[in-house]
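Below is one structure, written out as structure tokens; comments come after it.
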Amino acid sequence: MAKQKKFILQDSEVPQQWYNIQADMVNKPLPPLHPGTKQPLGWQDLAAIFPEECCKQELDTEHAWIDIPEEVLEKYKYYRATPLVRAYALEEALDTPAHIYFKNESTNPLGSHKINSALAQCYYAKKEGTTNVTTETGAGQWGAALSYAAKVFGLEAAVYQVKISMRQKPYRSSIMRTFGATVEGSPSMSTRAGKDIITRDPNHNGSLGTAISEAVELATTTPHCKYTLGSVLNHVALHQSIIGLEAEKQMEMAGEYPDQVIACFGGGSNFGGIAFPFMRHNILDGKTTEFIAAEPNSCPKLTRGEFRYDFGDEAGYTPLLPMYTLGHDFRPANIHAGGLRYHGAGMIVSQLIKDGLMHGVDIPQLETFEASMLFARTEGIIPAPESGHAIAATIREALKCKEAGEQKVILFNLSGHGLIDMTAYDSYINGDLHNYTVTDEEIQNNLKSVPEM
Ligand SMILES: *Cc1c(COP(=O)(O)O)cnc(C)c1O
């Protein structure tokens with residue numbers, strides 16, 4: 001019998017609700033705090049920046065299941081369900097007894113999972129009468145998704161793109177402009193925060209931290225403008241749970257259940273998206289799946305950061321968030337996985353790590369490209385440099401299985417394709433890419449910027 005490679009859901013089988021793991025967590029995430037008063041924030045406080053419904057979702061520790069609005073489901077149908085694929089060719093190349101599956105979130109025209117939350121956030125913004133949205137973007141996937149989603153729901157979008165990423169990936173700016181957004185390199189001279197950063201360091205390459213400061217400033221100083229965020233926050237992971245909920249049904253079709261679930265980690269949205277629906281069975285039904293978040297070893301907040309209350313942005317405009325952090329002004333090396341160059345981890349994930357329900361692993365840049373090259377040559381998909389971290393972690397686990405003669409079932413999330421990242425592949429092939437390490441001393445020094453509580 002021919003091997004079944006792809007597992008496809010019909011439209012009618014696409015989940016109609018998102019899963020909110022906060023409701024099932026034994027220890028809830030600590031609350032975000034007002035940076036001045038250090039008092040816990042209510043959703044009304046957050047609503048100065050974000051769409052209201054997103055603020056309610058952010059702090060919802062009660063409802064495990066949240067209905068996906070009809071209008072969002074309608075848009076999901078353009079590209080969902082996404083395929084779950086058994087990576088036979090990769091298994092064969094590795095000569096591993098492990099069964100490797102990947103959820104392919106690269107198949108939508110925007111090329112990454114980010115669209116799952118962009119559509120939801122723009123829908124809620126529009127519904128409450130907002131006319132403009134603004135955001136930051138690193139490599140540009142979130143900015144591209146947001147620009148498209150804004151257009152879909154009739155909103156104007158202004159995007160601050162990290163300067164270094166803009167230079168590395170000029171086509172992503174073109175994509176955003178094609179969808180009608182205005183795009184600025186961050187730090188820019190168009191905001192107070194940007195000017196201050198440039199004054200301190202005229203050669204600042206930008207980071208997600210600088211771009212968030214600028215976008216938040218624009219949102220708080222412009223009428224009818226809301227800020228949207230592509231990662232880190234609880235409501236973003238909620239919207240991304242569609243990934244894991246589909247994968248759960250598809251793994252059932254494959255007749256297997258994952259022993260390990262792996263995703264790359266920037267702020268935690270694609271990780272949470274694929275992991276949390278499976279993790280609920282660890283929490284509620286005694287399953288023992290292992291959850292692995294793969295981060296760059298040049299930006300190792302999960303494996304070497306500290307659990308602290310810290311700002312989400314460089315200038316210190318955001319609420320204080322309880323998270324594993326390297327310090328809000330940490331400057332990650334210029335690796336090509338722009339989406340993973342962020343100093344902190346989401347609040348949910350940070351609590352889950354403290355509670356031992358998951359763990360991080362850090363991977364050097366060259367290993368991620370080596371893994372991505374093998375994946376491209378076996379499975380025919382060129383992965384995003386971010387996704388390369390998940391693939392590298394998967395390969396490590398598959399090789400351990402080979403060593404031990406163990407037949408584990410591994411599921412990883414392919415968060416996006418790398419077709420706009422080909423300069424990175426060129427550099428790798430030409431031997432021009434490097435590994436970057438961070439010393440303990442640098443991390444300790446940088447953590448001094450984290451406010452004392
Ligand atoms: C943004 C991005 C990431 C990292 O963000 P998370 O919120 O951690 O998922 C990973 N992969 C791709 C393709 C991205 O665009």
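The values are calculated or read from the model by the stated rules, or taken from the named source; none is laboratory data. What you are looking at is a predicted structure, and each value in this text was computed from that prediction instead of being measured. Methodologically, a virtual Cβ is constructed for each residue, glycine included, from the backbone with ideal geometry; neighbour enumeration extends over all protein chains shown. All accessible areas refer to the heavy atoms of the entire protein, side chains included, with ligands and DNA or RNA removed. Shrake-Rupley method; radii C 1.70, N 1.55, O 1.52, S 1.80 Å.
Things to note:
- Screening K301 on (1) over 18 Å from the mean Cα position of the chain (by Cα); (2) among the charged types (D, E, K, R); (3) open to solvent by less than 10 Å² (accessible area, probe 1.4 Å) shows it passes everything except condition (1).
- Selection from the range 311-360 of residues that are under 20 Å from T439 (Cβ atoms) and part of a strand (DSSP E or B): Y324, T325, G344, G360
- Only one of the numbered conditions (1) at pLDDT 95 or above; (2) over 30 Å from Q4 (Cβ atoms); (3) open to solvent by less than 10 Å² (accessible area, probe 1.4 Å) is violated by H224, and that is (3).
- Answer residue from the range 17-44, given it is surrounded by 13 or more Cβ atoms within 10 Å (Cβ to Cβ) and hydrophobic (A, V, I, L, M, F, W, C) and is nearest to L238 (Cα to Cα) among those: W18
- When P322, P364, P332 are checked against the criterion of being on the phi < 0 side of the Ramachandran plot and within 14 Å of the ligand (Cβ to nearest atom), a single residue qualifies: P332.
- Members of the range 400-423 found to be away from the ligand (no atom under 15 Å from the Cβ), among the hydrophobic types (A, V, I, L, M, F, W, C) and over 25 Å from F276 (Cα atoms), listed by number: A404
The rows are residues; the columns are (1) open to solvent by less than 10 Å² (accessible area, probe 1.4 Å); (2) more than 30 Å from V409 (Cα to Cα).
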residue: I100; (1), (2): yes, no
residue: S106; (1), (2): no, no
residue: L110; (1), (2): no, no
residue: V162; (1), (2): yes, yes
residue: M166; (1), (2): no, yes
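- Number of the exception - Y79 against (1) hydroxyl-bearing (S, T, Y); (2) open to solvent by 20 Å² or more (accessible area, probe 1.4 Å); (3) assigned to a helix (DSSP H, G or I); (4) within 16 Å of the ligand (Cβ to nearest atom): (3)
- For D259, the requirement of being away from the ligand (no atom under 16 Å from the Cβ) and within 20 Å of L233 (Cα to Cα) is not met.
- Among the residues listed as S106, S12, the single one being modelled with pLDDT under 95, of a type in the set (S, T, N, Q) and more than 30 Å from Y309 (Cβ to Cβ): S12
- Cβ-Cβ under 6 Å pairs, at least 6 apart or on other chains, the range 404-425 side on the phi > 0 side of the Ramachandran plot, far side away from the ligand (no atom under 12 Å from the Cβ) and open to solvent by less than 10 Å² (accessible area, probe 1.4 Å): none
- If the condition is being at pLDDT 95 or above and in contact with an Asp or Glu (Cβ under 9 Å, 6 or more places away or on another chain), then the range 142-184 contributes W142, G143, A150, F153, A158, V159, Y160, Q161, G180, A181, T182, E184.
- Exactly one residue out of V438, V409 is over 26 Å from T82 (Cβ atoms) and hydrophobic (A, V, I, L, M, F, W, C), and it is V438.
- Condition check for L352: buried (at least 24 other Cβ atoms within 10 Å of the Cβ) and more than 13 Å from the ligand (Cβ to nearest atom): yes
- Hits in the range 235-257 - residues which are under 23 Å from T130 (Cβ atoms) and either surrounded by fewer than 24 Cβ atoms within 10 Å (Cβ to Cβ) or of a type in the set (K, R) (or both): none
- Test for R280: is it over 20 Å from S415 (Cα atoms), more than 10 Å from the ligand (Cβ to nearest atom), touching a residue at least 24 places away in the same chain (Cβ under 8 Å) and in contact with a helix residue (DSSP H, G or I) (Cβ under 7 Å, 6 or more places away or on another chain): yes
- Filtered by the rule that a residue be in a helix (DSSP H, G or I), among the acidic types (D, E) and within 19 Å of A275 (Cβ to Cβ), the range 10-57 gives no residues.
- For the range 112-127, the set of residues classified as open to solvent by 10 Å² or more (accessible area, probe 1.4 Å), more than 10 Å from the ligand (Cβ to nearest atom) and out of contact with any Pro (no Cβ under 7 Å at 6 or more places or on another chain) consists of K126, K127, listed by residue number.
- Among the residues of the range 82-98, those identified as of a type outside the set (A, V, I, L, M) and crowded, with 22+ Cβ neighbours inside 10 Å are T82, T96.
- Of all residues in the range 195-245, those that are within 16 Å of the ligand (Cβ to nearest atom) and either free of Cβ contacts under 8 Å to residues at least 12 places away in the same chain or of a type in the set (G, A, S) (or both) total 10.
- Checked against (1) more than 16 Å from the ligand (Cβ to nearest atom); (2) in contact with a strand residue (DSSP E or B) (Cβ under 6 Å, 6 or more places away or on another chain); (3) open to solvent by 40 Å² or more (accessible area, probe 1.4 Å), A157 passes all but condition (3).
- Residue satisfying condition, being at pLDDT 95 or above and either surrounded by fewer than 22 Cβ atoms within 10 Å (Cβ to Cβ) or within 18 Å of the chain's Cα centre (by Cα) (or both), within set I429, I410, I420, I395: I429
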